[in-house]
Every structure is written in structure tokens, then in C-alpha cells.
Amino acid sequence: MGWAALANLVRDRGKQRPDGVAVYTPSGDRTTWGELAAASSAVTAACLSAAGRPARIGVWIANGPLFGAGLFGAWQSGATAAVISSLASPAEAVRLAGAAGVDVVVTTSDRAAHFPDLPVVAVDSPGTAEEPATVAPAAEALVLFTSGTTGAPKGIVHRGEALVSSIDGMLTSSGIESGPRSLADEDRRPNVALTPLSHTSGLMGLLFAWWAGKPVVVFERFDAVGLDAVVAEHKVRTLRLVPAMVFDLVHAPSRVRLSGVRYATVGSAALSRSLAAKFEERYGFPLLSNYGQTEAMGGIAAERLEDVRAGRRPPGSVGRALPGVHIRIVDTATGREVAAGEVGEITVRSPQVMRRYAGDDAAPVDPDGFLHTGDLGSVDEDGILSVAGRVKDLIVSGGFNIYPAEVEDVLERAPGVAAAAVVGVPDDRLGERMLAVVVPSGDSVPEPEALHAWVRERLAPYKSPRGYLALPELPRTPHGKLDRRALTKLVVDRAGEFVIPAKASTGSKEMSR
């Protein structure tokens, strides 16, 4: 059991049920366990032939069955897999492979030429070789890279047992016994992979499904209409989404109904309650927020259906700690644990917390084993975690702490606003003044005075933005997260375009757009 069982899962599934389906595509193509096992074994043989016994293998493959062949082919060779974002440019992929110190790269034929200085195995044509003997997997399973939204991406090293612990925690929190399940149940519904498999959310979703004995429908890219068809065909009951997908589904064609889905989980970035409410009203099932970080192998906390149905859902709620996870909220200045309900930095201790980076940077883990997430939040007396934003994004204006997520949530519930974000910029008097960028939901642009009044009715006066700018969209990463670095630069560059609302409405005033 444990890590060795996961590393050799595809090979073993291929022997147990060669004709069973491992991967579907939205168009109806199928890849069996036997086919996937043969492809992964060919990758393993090619990697061993190319680099002897490689210590680290880079995996740069787009969403699809070939990703599983490349990942498990690397693991079966006894190497650590350095998974590179499928959305990375060739230059980025080469840079990340170098940062991870890989010995060989597994990618597709059309991308092979980008690595002239490394042995390359083409996962779509690895050649033929005698199936290698089973080898003990490396203790370190993965190098995953941070998104790079707050600096250059860093390679986070995860041990194999930490990976298994995270998957088993997801199983037990879903009421399923831990450990790999058999493939005996032919009627087991597939899970759906909508996010890049090279990112934590998509990767964990894939491994969770296969560990649980379920096939996966893998989307190359998100498509609301295609998702609706897959839900109907496979009778899908649960979905894993990110906020950008929630937004797209809220604005999808009326024929998209997602009938039969019981609930969806949403993570990887903050989700405004106003957008969630619009989604739940349209589709009739709840969105359950969850919270995780690449540094903690994804899972930290998740909302439960019983809490949501009972109304235990404070602003910013991401639910309760997952099994085996200990959450502690500490004062950012003193490092001391704060009382229930008070905001501080979220720190986490669990078996899946990272131990080191691929380079020389020290891991953000204190002597007690708690990962310092860099996120602000609080835990209430019911044990429910709420996230208030990033420590670095905290705005201190006139001596008052302002948490952007709180203000953004209020703005996104204002009439005529589809999305909003706030940023602090230097101010001689206040230290920082808060400016807001809003995305209109229709053709008309909300007036600054109306937005000012809306916020003042719901929050303390010091939490009101000092200026507004309307834009067609907010800058986002390829994974749909708000890119706060890009947003801050945009706000600084266009600070003179922000409209300052009057304390009392004196007539119509157009906003820049």
C-alpha cells in the first residue's frame, strides 16, 4: 500500500482490468487501463534508456490520456516527476525544467525541439522496448511549481507518502474508505477534470479518481456546453470548478442546465458570494468552497453540505479542516495564536505539508511544523475557516486594517457590477488609499457615487474605496486567479483615471472605461 501502490497504480490497473476505461474525452474517445499501462511502460523504458536511472523527470504534457502515461511512466522508473504547467510557454518550460534539475523531459513530439540540451522522450511516440522491471519509487514524488503570481515560480518538493495522505484525506472526507479501491464496479460514474492536470487541483482530482477506482473525463479546455453534454451522458453527480468557470457557467447559454449534479466544489481562488448566489439560483445545487495550497499538496479545508444547509457559512467561508490537518491562526506581528474569530495569518500542519523547495530557498515552515500560508483568515467558534485575503494584500489606511476580500464581496453584490477588485496605493496622509476596479455587468457603467453609497451602507466608512475605475475585465492568470501583481501595476499606471466619488451625489458623472 502507500506510495509504492500509487506509483505503480496504472501498471497494476492494466493487469487487473485491461479493458476497463481509464479516460474519456468529451468527444467520446476512450483510453483503457491496458492502453494506458502499455503507454506508461513504454515511457518508463524510454526514460531508463535515455538517462540510465534518472533522478528527476520533467513532465510537460497538455490535458489528455498522454498526461497520465507521462506522469506514471516517470514514477515507474523510480524518478521524481517535475510537473511543468501545460500552459507554460516553451521558454518558461525550459526555464522550469532547468530550475528543477531534470535529467530527461517527457513531452509530446511537437514540443520536443524546445529542449536541445536534454534527452527527450516523446510520450506520443516513445518507441518500443522490453517492459522494465518494477523498481522502488523515489521517496520524493513530485516537484510542483507555484503559480508565480507573487514572484518567480518556485518548485515545491513533495514526498510520495504526503501525496497518498492527501488523497486518502479527500476519500475519508467524502465518506469513502482510504486506500486504492478495486475496479469491480463497472457502473461507477466518472469524475470530470476541467482544470489543467499539471496544476494541483487537476492533478489531485485525477489521482483521487483513479485511486478510488473511477475513470475520468478529461477536458482539454473548459467548455460550458460540452460540460453539459458530458454531465448528461455520464450522469455526473459532482463537479470540481474554479471561479472563472463559475462565472462562465453563470453566463452560459440557457440550454446549459447541468441536470442531475448534486453539488460542485470550487477552489484555487477566492469566489465572491454574489457570484456563487447567482450560480446556485440558476443551477439549483450548492457550490462548496474549499481551500488549499500547492505547498500543502492542495487540501487544507472544505465546506460540508450539512454546514451549508444549516446556514453555517460566514463570509469568506472555506469550511472545516480536512482530516489530519491542524489549522492555527497567528498574529502577523507576534506569531502568537489569536482568539476564535480574530483575523491573523493562516498556518497549517499536516502530513502533506511541503518540506523543501527544489532550490535553496527555505520552506515557510516554522519549528513546530506549521506552514505559513501567507493568507489572512479566522476560525470561528464552530471551527469554520474564513479567508480574508493575502497578508501582502492587506491595506492599512489611516491606521485601519482593510481586507480586500471583504470590500470586493460587497462591491460584487452592487447593481451593475460583475466583478471587482481593490488595491492599496501610497498616500501621504493615510499611508495607503484604497482604489477599486469594477467590471460592469451590462452596457451601463455604475456611477461612483452609487457605489460609494452602496459600500458605506454595508461597511465601516474607512473601508470605502477612494476612487473607482471601470474596465472590461480584470487581469487574471491562465488558471483564472486574479493576478494582483498585474492589477497593482495597472492601478498605479492609471491612477489619474480613477473617479473620486463625491460625499453626496451632485449629479451624473461618467466613469472611465
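The values are calculated or read from the model by the stated rules, or taken from the named source; none is laboratory data. If you're wondering where the values come from, they're calculated on a predicted model, not measured in any experiment. Reconstructed Cβ throughout: ideal geometry from the backbone, glycine too, with neighbour counts over all protein chains shown.
Some values worked out for this structure:
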quantity	calculated
Any hit, segment 132-144, residues being small (Gly, Ala, Ser) and either at pLDDT below 85 or part of a helix (DSSP H, G or I) (or both)	yes
Residue in segment 495-513 that is under 29 Å from Thr146 (Cβ atoms), among the charged types (D, E, K, R), at pLDDT 85 or above and in a helix (DSSP H, G or I) present	no
Qualifying residue in segment 301-316 (condition: farther than 20 Å from Lys392 by Cβ, of a type in the set (A, V, I, L, M), in a loop (DSSP other than H, G, I, E, B) and modelled with pLDDT under 90)	no
Residue list for segment 371-385, restricted to those being part of a loop (DSSP other than H, G, I, E, B) and buried (at least 21 other Cβ atoms within 10 Å of the Cβ)	Ile384
Thr108 being out of contact with any Gly (no Cβ under 8 Å at 6 or more places or on another chain), of a type in the set (Ser, Thr, Tyr) and modelled with pLDDT under 85	no
Residue match in segment 457-478 (condition: among the basic types (Lys, Arg) and under 17 Å from Val417 (Cα atoms))	yes
Residue match in segment 177-186 (condition: surrounded by 15 or more Cβ atoms within 10 Å (Cβ to Cβ), modelled with pLDDT under 95 and at positive phi)	no
Members of segment 8-17 found to be without any contact (Cβ under 8 Å) to a residue 60 or more places away in the chain and crowded, with 21+ Cβ neighbours inside 10 Å, listed by number	Gly14
Residues (touching a Gly at 6+ places or on another chain (Cβ under 8 Å) and of a type in the set (A, V, I, L, M)) located in segment 328-374	Ile329, Val330, Val338, Val343, Ile346, Val353, Ala358
Scope segment 300-336; condition touching a strand residue (DSSP E or B) at 6+ places or on another chain (Cβ under 8 Å) and on the phi > 0 side of the Ramachandran plot; matching residues	Gly316, Gly319
Test: residue in segment 233-244 that is of a type in the set (Asp, Glu) and closer than 28 Å to Ala414 by Cβ	no
Selection from segment 443-469 of residues that are of a type in the set (Gly, Ala, Ser) and in a helix (DSSP H, G or I)	Ala450, Ala453
Helices (runs of 4 or more DSSP H) (entirely within segment 18-129) containing at least 3 residues that are surrounded by fewer than 20 Cβ atoms within 10 Å (Cβ to Cβ) and not aromatic (Phe, Trp, Tyr)	33-51, 90-100
Filtered residues of segment 278-297 (kept if in a loop (DSSP other than H, G, I, E, B), without any contact (Cβ under 8 Å) to a residue 60 or more places away in the chain and closer than 24 Å to Met204 by Cα)	Phe285, Pro286
Members of segment 414-440 found to be more than 16 Å from Leu482 (Cβ to Cβ) and crowded, with 16+ Cβ neighbours inside 10 Å, listed by number	Ala414, Gly416, Val425, Leu430, Glu432, Arg433, Pro440
Members of segment 373-397 found to be under 21 Å from the mean Cα position of the chain (by Cα), under 26 Å from Val425 (Cβ atoms) and of a type outside the set (Val, Ile, Thr), listed by number	Gly374, Asp375, Leu376, Gly377, Ala388, Gly389, Arg390, Lys392, Asp393
Meets criteria (in contact with a Pro (Cβ under 9 Å, 6 or more places away or on another chain) and of a type in the set (Asp, Glu)) for Glu295	yes
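Condition check ((1) in a loop (DSSP other than H, G, I, E, B); (2) out of contact with any helix residue (DSSP H, G or I) (no Cβ under 8 Å at 6 or more places or on another chain); (3) buried (at least 18 other Cβ atoms within 10 Å of the Cβ)) across all residues:
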| position | (1), (2), (3) |
| --- | --- |
| Val217 | no, no, yes |
| Ala232 | no, yes, no |
| Ala252 | yes, no, yes |
| Val256 | yes, no, yes |
| Gly260 | yes, no, no |
| Thr265 | no, yes, yes |
| Ala276 | no, no, yes |
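For every residue, the table says whether it meets (1) in contact with a Leu (Cβ under 6 Å, 6 or more places away or on another chain); (2) part of a loop (DSSP other than H, G, I, E, B); (3) modelled with pLDDT of 90 or more.
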site: Ala388; (1), (2), (3): yes, no, no
site: Lys392; (1), (2), (3): no, no, no
site: Val396; (1), (2), (3): no, no, no
site: Ala405; (1), (2), (3): no, no, no
site: Leu411; (1), (2), (3): no, no, yes
site: Pro415; (1), (2), (3): no, yes, yes
site: Ala420; (1), (2), (3): yes, no, yes
site: Val423; (1), (2), (3): yes, no, yes
site: Pro426; (1), (2), (3): no, no, no
